[in-house]
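Down below is the structure, laid out as structure tokens.
The values are calculated or read from the model by the stated rules, or taken from the named source; none is laboratory data. None of these values were measured; they are calculated from a predicted model. Cβ atoms come from the backbone with ideal geometry, glycine included; neighbour counts cover every protein chain shown. What goes into the accessible areas is simple: the full protein's heavy atoms, side chains included, and nothing from ligands, DNA or RNA. Shrake-Rupley method; radii C 1.70, N 1.55, O 1.52, S 1.80 Å.
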Amino acid sequence: MSPDATPGTGTSEAYPADTTAMLVKLHHEYQAAGESLSVSFRDLVPWIKVGERATHYLHSYPAKLLPQIAHFFLAARGWVGGGETVLDPFAGTGTVALEANLSGRQALYADVNPLARLITSAKTTPIDIARTSNLLLEIKGRFDQIAEASPPWVVNMDHWYTPLAKLDLARLRCAIAECSAHESDDFVWATFSATARKCSRADRRYSVPVRTKSSFDGEQSPARPVWSVFSDQFTANLQRQRELLRLYGCEVSTRCVGTDARKLGRPREASTSERTALPKNSVGLVLTSPPYAGAQKYVRASSLSLGWLGMTEPRTLKQLENGSIGREHFPKSALSAIPETGICGADELIRTFARLNRVRAAICAHYLCEMDKAIEEVARVLKPDGKAVVVIGDNTVCGMPFTSSLFLTELFERHGMRLTLKLVDGIKSRGLLTKRSGGAIAIQSETILVFAK
């Protein structure tokens, strides 16, 4: 444990130390230096080891937030009270929601991607371990009885799957559907989703599907049978759920508040078809890692799972991408009039991009305009003394720096937020790429911006 970490009221096995003193010290150093501070969140919270922690690794996903970052701020109970609600409007697969729950807080989350919402639910919802263990046997019995099953629509199915893998995944999908267990459903379907990706020809080193050089072809079987992969994944995920139950110190809740960070709300009530807006001044802490401007292909990275889960078809896959902030494609009609952002330096840079590549210029302009709406919503739901922690990376566009951290800072300030701390932490993975080709430029660091309302 760090010497600056002081155990205190509200600590638990999941949160053994209070990081308030460290956070206050960083604020003082930042104010004195007047510039960003370089830190390592792995070093700031050394009691959180790299690797398994509760259900964080239940399912892979691109550009996942480092759990240590969320943990550090949530552990500072003198900075944000233990009873405050935590919101992540760009939840991904629920790193913040899970850590908020482990800290004893209620969590709200939103994400445009239905796969992300499924995984977040699976990671944060405790299940009956004994009943779910028996469910695996039920699914196996039904799987063995099903000789044929039709697969759902999956983009470029035959490119990614051998005939045998395709057949067995379809049989497994049918077996799971016939053995529904209600409270365990999200857990089982998330496990199936992970299996579908692992049984594909996609290279596991990359989040966006890319064929491995050693991909099996023709009628050959995958390296491992589908059932074997599913069974192992199920068993591993069940152990993660056991650890989740062990670390949960009190009864907490996690609630989805929408599919669009620009319009957060409570689920639709039975008496109305409209979503009730999330109340103004209702959230104590926003902790999030928003998408980058065209740097990460979330929908493409999820396409295999989305198809196998029946969440998309050709038309809806395109709609899903079009509804994503930071998307990589735009119709030609959107390229004729690239919007102004009103951000100092950004519009001039985007005009430079437009002379080189209008698609990239449109991606950046629309990204900033859409983030402006999302940040306005964050400012609306935050309490008057609320805090916002934003993790963002500066990427490269058309060979030039695109400083998202500076541009988003101006947007937060536009909506009444004040920057109180700016940290920079290095990224130790291949997960964040600004383009898909072999010469992709990796984002080497993340900027952590802390705002007060």
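In order along region 225-242, the Karplus-derived 3J(HN,Hα) couplings, from 6.51 cos²θ - 1.76 cosθ + 1.60 at θ = phi - 60°, round to x, 4, 4, 4, 5, 4, 4, 5, 5, 4, 5, 5, 5, 5, 5, 5, 5, 4 Hz, and Gly and Pro are given as x. Backbone amide hydrogens, once placed in the peptide plane, bring residue 266 within less than 5 Å of 276, 277, 278, excluding anything fewer than 5 places away on its chain. Highest-first packing order for the peptide set 279-290, 335-346, 156-167, 86-97 is 86-97, 279-290, 156-167, 335-346, based on the mean count of other beta carbon atoms within 10 Å. Rounded to the nearest 5, the antiparallel percentage of DSSP beta bridges internal to the chain is 60%. Can you compute the modelled spin-label distance between residue 415 and residue 322, with each label point 7 Å from Cα toward Cβ, in nm? Label-label distance for residue 415 and residue 322, simple model: 2.4 nm.
What number comes out for accessible area per residue over the chain if the probe is 1.4 Å? Units Å², please.
Working: 19110 Å² over 453 residues.
Ligands and nucleic acids excluded, the figure is 42 Å² per residue.
Amide H contacts of residue 87: 108, 285, 286, 287, each under 5 Å away and 5 or more positions distant or on a separate chain (H built 1.01 Å from N in the peptide plane; Pro and chain starts excluded).
So which of 166/332; 25/280; 318/383; 263/453 end up more than 25 Å apart by C-alpha? Write out the running numbers ahead of the final one.
Working: 166/332 36 Å; 25/280 31 Å; 318/383 36 Å; 263/453 19 Å.
Too far apart for the 25 Å limit: 166/332; 25/280; 318/383.
Multiplying the residue separation of residue 427 and residue 12 by 0.36 nm and subtracting their alpha-carbon distance yields 146.6 nm. The string of couplings for region 113-123 from the Karplus curve (6.51, -1.76, 1.60, θ = phi - 60°) is 8, x, 5, 4, 5, 4, 5, 4, 4, 5, 6 Hz, one whole number per residue in order, with x for Gly and Pro. Summing Cβ point charges (Lys, Arg +1; Asp, Glu -1) relative to the Cα centre of the chain gives a dipole of roughly 740 debye. Distance between the pseudo-spin-label points of residue 128 and residue 155 (7 Å out from Cα toward the beta carbon): 3.9 nm. Protection proxy ranking, highest mean first, for peptides 362-371, 324-333: 362-371, 324-333, where packing is the per-residue count of other beta-carbon atoms within 10 Å, averaged.
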